[in-house]
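Inspection log for the structure reproduced underneath, given as structure tokens.
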Ligand SMILES: Cc1ncc(COP(=O)(O)O)c(C=O)c1O
Ligand SMILES: Cc1ncc(COP(=O)(O)O)c(C=O)c1O
């Protein structure tokens, strides 16, 4: 496991920008600010049969935040609410403990493991998942 | 010269309480508080021909303050305004420098020399002379 | 392990100095307590290894400083048994904490609303409410003090009305040492729907507090009286109480967004921490809380009570002394005020300092209304910390007797 | 004697640590400057030899603490060339100082009275005035900022009206480094009878100030940016200005007499220092002022200017960088903000920290209106102190170029 925050894979994930796009206003959308740095993430989700049909996000933020949103955009379509919540919980646990993410999590989660040593950056990675939870009607 | 603040002579001077008495309301009177300890000195002076005819003081304060007021009560009657001011200045200089008081000052001034090492007590000794100056219409 | 005050003393560098050429008998702990190595080292380590501004910084020193600052918040949350670290706002001290509470709560008060204080309050728990009164037209009502220097809680029924919005009292008196019966106060306050603020300046040095068990709403304390540096204190408030309070001072760090038209504010506790906070001092406070927690509480309490008894008995044996406060050991701290007939407190304090190396405090102790209650201009006060010993009390008693012989 | 930054570095213990295993290139001085031995020692000596509460104490530690505290006041009076130490009120920092000024002056403002700020102010010189506006109905007017990040003083004529009571501006910007032409501001303010307050947080670290020569009325500063501990700052005010200000916070030490009916207040500066002040921190601030005064000012200024030039040139040579602020060396301090296209400031700061040991600050720098002026959410900022060297600048430039290669 790399010690470095900005592995090539994370830079590539951010650049891939899966799911990036202005909210079309067709689903439930939610915006969360990072109170520390003024960054802002908007996520819009459309549900069908209790699963996520589509998800788009608009990120004004750092590379870590963009990479995290891209990971969300990659995996959200077709996922259940529970899957989003489980991965958000796995992320929180990984950041807090510094241990590898729980088995069965999205594979890209592991890319963020080095962030666990940088408390000031936790929120950068969390923000997209929190916005998704909020859009899904959960208390973030 | 003694190193001690409370020489017998100072205790005796305070006890002698020359000039102590409630203001009779016949002369000019002035009250000064010690903002630090809440002590209070009132001095009343009666003038005749530019000299002090009578002086009385009322001290709510410590022994140093009472001794200083007693010194004032001893020497003020018959003294000129200038003499009061000169002794007040001599006192200030003595406290500040720690040197013996200026030649020609009231002899009891020297009793207060050890106070020069106790900045928190300067005002205790000064207060009566400041109240006298104020009663004499000078800015204290 | 038996509690050993002499061993404890050795943790405090200043206690082995000889100011003025005499061993130091420091009995002015209610004014400011001394600093143990653990606190001195925590602060200096912080300043030489982790010093940076907090929040928004991603470099390693900024990360360390932010973590240290939030860690201190956690330590104080534990010390007070707060429901969450978010209930801990760092302030400059008790005085700042009470002012912030007064202005913050005051925004919700209407003219005629009542705040109840007591006659034994420190000026820092009087003047902020007077400033608020001048601005908003609230009414201050005052609980009297009994002859033995306690807040007279039998007057609660009479003084607390339906208009009472807040009862703000000392948890322990800085003059008489009396500890307030908080349960009774809380019960009376709840009965009229009022909140309760405690001025904990004199209570916190004596061990952890359980604000939840006390059932109160707000708590104020100072670091420098609990073995921590100057310039740091805490305003604790229940989350919903702090959440209702608007900001008092504005600046960096307490905002959500700023435009010239409209600014939005951060949630508590940040809302009450504008500007760069006293970071190293908070680190010192956290270290102090841990240091106190590590003491054997029962032994320390027993030790201080024993010394308090020795002091009370000894003073009673010197003709002309009068204790201002409880003469027994129930519900009191080791803070003993007394008057010596015919001797001004400053003369007494100076005498015992100059000739016996005893550090007392003399004067009105920022409690003029209480002095008036007892017909005095001031008292002399001896106040204990765990590092005080029999030798300190002996020096005090010898000094007072000697002062009486020479000055009374 | 030639100025030797490497020798100076050796006075700062933290600068020879290797946080994260790399030499420390500390370029976050505008957020908080580091502490020299002289200051660390002054504070620790105070805490272990003279620690006590100030005022009203007659024991030897109390005497020492009071003298040390007043001595620090004297040192700051000299540093600012105040007319008297009584013009120096110690506060928690710049933010507290400006809030006290706002509430204190505000007591004399009427609805419709105007306070003039600028678009580059730190939130600490915006929000206090907004809180005052919300309470009193004053009007805030804002001087715009030029394209090179200076307060646009050509707008003074338009923005200052007869209703203007106060002009409150940064002496130097914490984002662009621009130094304000105070003479021009004072002239315009005097012409409409307005007072002038300067936020000196970013000016005081660079050497003594002459408030009398500046012709201003109030000055605010923080210790932690001028090589002193956290939790201490100064509000300087001309005697007659402070004398007109009512107290803002109440408590012990700022009163003349207290009764429940009416309390009278001490004269400035005590009026603005309620409660136990940050004593040890003031001692540290006094030591810091003396430490700065002892530097060879001309050499330090030349050194910092040279490094600033090197930084500006170097950044200009990296494609995609944009300087926010003056690109020349006239009337500016060694505070350089820049944007790197396609790279978020936090990513840039993290990169140069993790791989090059360079400590920068990224974000809005508590100046959101200024960020909006330049269409940015944040910048990266490098800021100098006398102990910075060419090696620090080289590491910065190398780091930025490297970040661009990997992240842009
Ligand atoms: C220009 C300016 N004003 C005000 C402040 C606020 O100072 P402090 O946070 O020390 O109160 C700062 C620094 O943060 C600043 O750079
Ligand atoms: C009971 C009480 N309340 C309030 C204060 C004020 O605390 P500080 O001066 O640390 O703000 C003190 C101590 O001075 C105190 O003893």
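The values are calculated or read from the model by the stated rules, or taken from the named source; none is laboratory data. These numbers come from a predicted model, not from an experiment. Cβ coordinates were reconstructed from backbone atoms using ideal geometry, including for glycine residues, and neighbour counts include every protein chain displayed.
Numerical summary
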{"read-out": "Filter result (closer than 13 Å to residue C:333 by Cβ and surrounded by fewer than 17 Cβ atoms within 10 Å (Cβ to Cβ)) within segment C:297-308", "value": "C:305"}
{"read-out": "Test: residue in segment D:106-120 that is part of a helix (DSSP H, G or I), closer than 29 Å to residue D:203 by Cα, within 10 Å of chain C (Cβ to nearest Cβ) and in contact with a helix residue (DSSP H, G or I) (Cβ under 9 Å, 6 or more places away or on another chain)", "value": "no"}
{"read-out": "Residues satisfying the stated conditions in segment D:195-222, i.e. closer than 21 Å to residue D:152 by Cα and out of contact with any helix residue (DSSP H, G or I) (no Cβ under 8 Å at 6 or more places or on another chain)", "value": "D:202, D:203"}
{"read-out": "Residues (surrounded by fewer than 24 Cβ atoms within 10 Å (Cβ to Cβ) and more than 8 Å from chain D (Cβ to nearest Cβ)) located in segment C:47-57", "value": "C:50, C:55"}
{"read-out": "Some residue of segment C:10-33 being buried (at least 24 other Cβ atoms within 10 Å of the Cβ), more than 16 Å from ligand 2 (Cβ to nearest atom) and over 29 Å from residue C:297 (Cβ atoms)", "value": "no"}
{"read-out": "Condition broken by residue A:24, with the remaining ones in (1) in a strand (DSSP E or B); (2) touching a residue at least 24 places away in the same chain (Cβ under 8 Å) satisfied", "value": "(1)"}
{"read-out": "Only listed residue being modelled with pLDDT of 95 or more, outside any helix (DSSP H, G or I) and either touching a strand residue (DSSP E or B) at 6+ places or on another chain (Cβ under 8 Å) or not assigned by TED's automatic domain parsing to the domain that holds residue C:254 (or both), chosen from C:77, C:52, C:62", "value": "C:52"}
{"read-out": "Residue match in segment A:75-83 (condition: over 14 Å from residue A:126 (Cα atoms) and within 12 Å of chain D (Cβ to nearest Cβ))", "value": "no"}
{"read-out": "Complete set of residues in segment A:20-32 that are crowded, with 18+ Cβ neighbours inside 10 Å and within 14 Å of another protein chain (Cβ to nearest Cβ)", "value": "A:32"}
{"read-out": "Sole exception among (1) within 21 Å of residue C:342 (Cβ to Cβ); (2) touching a residue at least 60 places away in the same chain (Cβ under 8 Å); (3) outside any strand (DSSP E or B) for residue B:36, by number", "value": "(1)"}
{"read-out": "Any hit, segment C:42-57, residues being touching a residue at least 60 places away in the same chain (Cβ under 8 Å), under 24 Å from the mean Cα position of the chain (by Cα) and away from ligand 2 (no atom under 16 Å from the Cβ)", "value": "yes"}
{"read-out": "Residue selected from segment C:2-39 under the condition free of Cβ contacts under 8 Å to residues at least 40 places away in the same chain and within 7 Å of chain D (Cβ to nearest Cβ), by the criterion farthest from residue C:253 (Cα to Cα)", "value": "C:17"}
{"read-out": "Elements of type helices (runs of 4 or more DSSP H) contained in segment C:338-408, each with 1 or more residues being within 11 Å of chain D (Cβ to nearest Cβ) and more than 26 Å from the chain's Cα centre (by Cα)", "value": "C:345-356"}
{"read-out": "Residue among C:175, C:258 that is over 16 Å from residue C:87 (Cα atoms), buried (at least 24 other Cβ atoms within 10 Å of the Cβ) and touching a strand residue (DSSP E or B) at 6+ places or on another chain (Cβ under 6 Å)", "value": "C:175"}
{"read-out": "Filter result (under 20 Å from residue D:370 (Cβ atoms), outside any strand (DSSP E or B) and in contact with a helix residue (DSSP H, G or I) (Cβ under 9 Å, 6 or more places away or on another chain)) within segment D:134-151", "value": "D:144, D:146, D:149"}
